[in-house]
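Engineer: Quick one: the structure is below, questions incoming.
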Amino acid sequence: MKLIKSAIALAVGLVSTSSIASTQSNVITLEDIPKIQKVVSAQVSPDGESVAFTRSVPRELYIDANGKNFTELHLVDDEGIERPFITGQVNIHSIAWADDGQFIYFLTKKKD
């Protein structure tokens, strides 16, 4: 049951933060395409109360240097409340929960 609650919470969190189309229109325009975000991976916590997921965020057109999308780490609880955990110009991958659910492990590459 907790896994189902977590999956629903993740879906609600993702829908609520969608930045593709305006709420007044269901049409995706040419300007929207470079702004599309997607979930790359997700891991349910051992207690089933939270989901950690990585979101692919495109670079800002004509502002950021060319390159692959950034990958941010977010958490969503069983009530659908999402909170950013590590965001910005980062690339997080290989997320995993500790056995006791107290920590989230991940890999990232730092410049130094």
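Engineer: Could you tell me which numbered condition residue 60 fails, if it satisfies all but one of (1) outside any loop (DSSP other than H, G, I, E, B); (2) open to solvent by 40 Å² or more (accessible area, probe 1.4 Å); (3) not aromatic (Phe, Trp, Tyr)?
Structural biologist: For residue 60, the failing item is (1).
Engineer: (1) in contact (Cβ under 8 Å) with a residue 60 or more places away in the chain; (2) assigned to a loop (DSSP other than H, G, I, E, B): which one isn't true of residue 66, the others all being true?
Structural biologist: For residue 66, the failing item is (1).
Engineer: Filtering region 86-103 down to residues that are assigned to a loop (DSSP other than H, G, I, E, B) and on the phi > 0 side of the Ramachandran plot, which residue is surrounded by the most Cβ atoms within 10 Å (Cβ to Cβ)?
Structural biologist: 101
Engineer: Another one. Before we move on, is residue 14 modelled with pLDDT under 90 and not acidic (Asp, Glu)? Break it down stepwise before answering.
Structural biologist: Numbers: modelled with pLDDT under 90: yes; not acidic (Asp, Glu): yes.
Here the answer is yes, as residue 14 does meet what is asked.
Engineer: What pairs come up if the first residue lies in region 96-112 and is more than 14 Å from residue 85 (Cβ to Cβ), the second is surrounded by 12 or more Cβ atoms within 10 Å (Cβ to Cβ) and of a type outside the set (S, T, N, Q), and their beta carbons are under 6 Å apart, counting only those six or more places apart or on different chains?
Structural biologist: 101/46; 101/47; 107/93
Engineer: What about residue 53, is it closer than 15 Å to residue 91 by Cα and touching a Pro at 6+ places or on another chain (Cβ under 9 Å)?
Structural biologist: no
Engineer: In region 69-85, how many are assigned to a strand (DSSP E or B) and in contact with a Pro (Cβ under 6 Å, 6 or more places away or on another chain)?
Structural biologist: 1
Engineer: Does residue 77 satisfy the condition of being more than 15 Å from the chain's Cα centre (by Cα) and either open to solvent by 40 Å² or more (accessible area, probe 1.4 Å) or within 14 Å of residue 45 (Cα to Cα) (or both)?
Structural biologist: So residue 77 fails the test.
The values are calculated or read from the model by the stated rules, or taken from the named source; none is laboratory data. As the structure is a prediction and not an experimental result, all values here were calculated from the model. We place every Cβ from the backbone using ideal geometry, glycine too, and count neighbours over all the protein chains shown. Just so you know, the surface numbers come from the protein's heavy atoms only, side chains and all, with ligands and any DNA or RNA stripped out. Shrake-Rupley method; radii C 1.70, N 1.55, O 1.52, S 1.80 Å.
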